[in-house]
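Read-outs: derived from the displayed coordinates by stated rules, not from any lab. What you see is a predicted model; the values in this text were computed from it and never measured. Glycine gets a Cβ as well: all are built from the backbone with ideal geometry, and neighbour counts include every protein chain shown.
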Amino acid sequence: MIMNEPMPTYYFDIKDGVPVRDKAGLELVSDGAAIAHSKDLADKVRREKPKGHPELQIVVIEESGREVHREQIYLTRPEHR
């Protein structure tokens, strides 16, 4: 990336069917940095709320609208009884 070139903005939408849009976004240097941030966000959600909807995920969207990554928040499925 050229030094004076602006960093792309990435959006971190929360989705479990109907998305909750990230309106602010975050400027990061690369797709890899955005993916790492989504993993950190998922860890934070799991710490704050240990149980949740099994399909909840963070969808990383680059400013052009390109989907970069989907990070599953809850890694295990609930037990069936």
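Taking the criterion of being in contact (Cβ under 8 Å) with a residue 24 or more places away in the chain, farther than 12 Å from TYR11 by Cα and of a type in the set (Gly, Ala, Ser), the only residue of the range 31-65 that qualifies is ALA42. Residues in the range 15-32 that are hydrophobic (A, V, I, L, M, F, W, C), touching an Asp or Glu at 6+ places or on another chain (Cβ under 8 Å) and surrounded by 15 or more Cβ atoms within 10 Å (Cβ to Cβ): none. Going by what's in this entry, would ALA34 be described as within 16 Å of GLU63 (Cα to Cα) and outside any loop (DSSP other than H, G, I, E, B)? In short, yes.
Taken together, the residues in the range 1-30 that are in a loop (DSSP other than H, G, I, E, B), farther than 15 Å from GLU63 by Cβ and either free of Cβ contacts under 8 Å to residues at least 24 places away in the same chain or among the hydrophobic types (A, V, I, L, M, F, W, C) (or both) amount to 4.
Looking at the structure I just gave you, is ARG66 on the phi < 0 side of the Ramachandran plot, surrounded by 14 or more Cβ atoms within 10 Å (Cβ to Cβ) and among the basic types (Lys, Arg)? When the stated conditions are applied, ARG66 does not pass them.
Mind checking whether some residue in the range 49-69 is among the charged types (D, E, K, R) and in contact with a Leu (Cβ under 9 Å, 6 or more places away or on another chain)? Checked against the condition, which is being among the charged types (D, E, K, R) and in contact with a Leu (Cβ under 9 Å, 6 or more places away or on another chain), the range 49-69 yields no hits at all.
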